[in-house]
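The values are calculated or read from the model by the stated rules, or taken from the named source; none is laboratory data. Being a predicted model, the structure only gives us computed values, none of them experimental. Reconstructed Cβ throughout: ideal geometry from the backbone, glycine too, with neighbour counts over all protein chains shown. Please note that ligands, DNA and RNA were not included when accessible areas were found on the heavy atoms of the full protein model with its side chains. Shrake-Rupley method; radii C 1.70, N 1.55, O 1.52, S 1.80 Å.
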Amino acid sequence: MLEGIKTILRKRCLKNYESDSPTGITPVDKLHSAVAFIDVEDTSFDECKNLILNFYREHGIKGDIFFFDFRKLGEGERLITSITTTVLKKDLNIFGRPSKEKIKLMLDGEPDLFISLIDGSDFPIEFMAKCSKARFKIGRRQLPGNTFDLVVSDTKEKPCSEADVFRAITTYLAKIK
């Protein structure tokens, strides 16, 4: 019963926040701002962060990186990312929506490009992807309603790191004219 209530609240939340901006595949030279989401639990997250920052710099894109960190930190452990751009488990409400501060921070950047390197389709990334007004959305797993314009995924037989997936994304982006 609790799952049913969560589902209803999530659908209502998406209806209220979902962007109605049209999206589609867009050449990199038409993109001026971006936001990327990565999971700090991926072993390549630090390498991936550097690849994303280099990509932004090379293409003159004003970009942000948001981190999903849902780990339970032990006593004495500290965050390895900025608290401002890190979505923690405590930043999620009862049905999984990120805090209004994190949503506002993402939307205030007015990104043209949305990249999700999160290996999953849990509600927090679904919410952020759907409420983003970005013109071009890229993800690792397609979300209900075909949220992403480009999906670059790995397989269970050959899993890839976030860094590997981002390298593949940049290869595809270079081909879009």
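Within the shell defined by Cβ-Cβ distances under 14 Å, the residues around VAL165 carry a net charge of -2, with Lys and Arg each +1 and Asp and Glu each -1. Global dimensions of the range 1-49 from alpha-carbon coordinates: Rg and Dmax equal 17.0, 49 Å. Taking the empirical scaling 2.2 N^0.38 Å for compact globular proteins as reference, the chain has a Cα radius of gyration ratio of 1.01.
Compute a Gaussian network model of the chain, connecting alpha carbons closer than 10 Å, and tell me which residue from ARG140, ARG12, ARG97 fluctuates the most. For the chain, modelled as a Gaussian network with Cα springs under 10 Å, the answer is ARG12. Just to confirm a number: summing +1 for Lys and Arg and -1 for Asp and Glu over residues other than VAL35 whose beta-carbon lies under 14 angstrom from that of VAL35, what do you get? Its environment carries a net charge of +4. Protein heavy-atom accessible surface, 1.4 Å probe, per residue over the chain: 57 Å².
On the protein heavy atoms, probe 1.4 angstrom, tell me the percent of accessible surface of the chain carried by carbon and sulfur. It is 51 percent, rounded to a whole number. Of the residues PRO98, ILE83, CYS160, the one whose Cα sits farthest toward the positive end of the charge dipole of the chain, with +1 on the Cβ of Lys and Arg and -1 on the Cβ of Asp and Glu, is PRO98.
Springs join every pair of Cα atoms under 10 Å in this Gaussian network model of the chain, and among PRO159, PRO124, PRO98 the largest mean-square fluctuation is at PRO159. Distances between placed amide hydrogens fall under 5 Å for LYS62 paired with SER33, ALA34, all partners being 5 or more residues away or on another chain. Farthest toward the positive end of the dipole of the chain, out of ILE138, CYS13, THR26, is the Cα of CYS13, where the dipole comes from beta carbon charges about the Cα centre. Mean residue ellipticity at 222 nm, helices only, the chain: -11000 deg cm²/dmol; runs of at least 4 DSSP H residues each add -39,500 (n - 2.57), and the sum is divided by the number of residues. Among residues other than ASP20 with Cβ under 12 Å from its Cβ, the summed charge is +2 (Lys and Arg +1, Asp and Glu -1). Of all lysines in the structure, the ones whose alpha carbon falls short of 21 Å from that of LYS15, not counting any fewer than 8 places away in one chain, are LYS6, LYS100, LYS102, LYS104, LYS130, LYS133, LYS137. Residue-normalised convex hull volume from the C-alpha trace of the range 10-89: 142 Å³ per residue.
Considering only alpha-carbon pairs that sit under 8 angstrom and 6 or more positions apart, the relative contact order computed for the chain is 29 percent.
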